[in-house]
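Participant: Sending over a structure as structure tokens; questions will come in a sec.
The values are calculated or read from the model by the stated rules, or taken from the named source; none is laboratory data. Since this is a predicted model, take the numbers as computed values, not measurements. Cβ placement follows ideal geometry from the backbone for every residue including glycine, while neighbour counts extend to all protein chains displayed.
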Amino acid sequence: MTKPYSNDLRERAVAAVVAGDTTRVVAERFGVAVSSVVKWQQRYRATGSVAPAKMGGYRKIVLEAHRDFILEAINTTSHLTVRKLQAMLAKRGVEVSHNAVWLFLRREGMSFKKKPVRP
């Protein structure tokens, strides 16, 4: 993901527009897109600041509420695959991808082996 432009550049561009320059002239002078200057102006008018909004964030773990069911299913079923676990969750009304199940198990410190355990 790219980094936002500096606040200094944003402030200078907005100040130039407020001083009377057009957005196209300001964009060309500072080497940015016209749409960026327009958005900075809109942000300045709405909030009084040109600082960028927070990028990214925390995504809630969907399967955390079903943790007990998943762990119990793993402990009671000897040969349980990620796809089978996904199907079991779907029967309970939890529609998730197999990757979401795999990521949950990985966070829990579990892994699925492709080969059976040898005696």
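Participant: If I filter the stretch 108-119 for residues that are loosely packed, with under 15 Cβ neighbours inside 10 Å and modelled with pLDDT of 90 or more, do I get at least one hit? Even if it seems obvious, please write down each step before you answer.
Facilitator: So the first thing to find is which residues in the stretch 108-119 are loosely packed, with under 15 Cβ neighbours inside 10 Å, and the list is 108-119.
Of the ones still in play, those that are also modelled with pLDDT of 90 or more are none.
Looking through the stretch 108-119, none of the residues is loosely packed, with under 15 Cβ neighbours inside 10 Å and modelled with pLDDT of 90 or more.
Participant: For the stretch 85-106, indicate whether the set of residues that are out of contact with any strand residue (DSSP E or B) (no Cβ under 9 Å at 6 or more places or on another chain), polar (S, T, N, Q) and closer than 30 Å to residue 11 by Cα is non-empty. Walk me through it before giving the result.
Facilitator: Initially, the stretch 85-106 is screened for residues out of contact with any strand residue (DSSP E or B) (no Cβ under 9 Å at 6 or more places or on another chain), giving 85-106.
Restricting the remaining residues to those that are polar (S, T, N, Q) gives 86, 97, 99.
Checking the rest, the ones that are also closer than 30 Å to residue 11 by Cα come to none.
No: the stretch 85-106 contains no residue that is out of contact with any strand residue (DSSP E or B) (no Cβ under 9 Å at 6 or more places or on another chain), polar (S, T, N, Q) and closer than 30 Å to residue 11 by Cα.
Participant: What is the residue count in the stretch 30-70 for residues that are free of Cβ contacts under 8 Å to residues at least 24 places away in the same chain, among the hydrophobic types (A, V, I, L, M, F, W, C) and either exposed (fewer than 12 other Cβ atoms within 10 Å of the Cβ) or not assigned by TED's automatic domain parsing to the domain that holds residue 102 (or both)?
Facilitator: Qualifying residue count, the stretch 30-70: 7.
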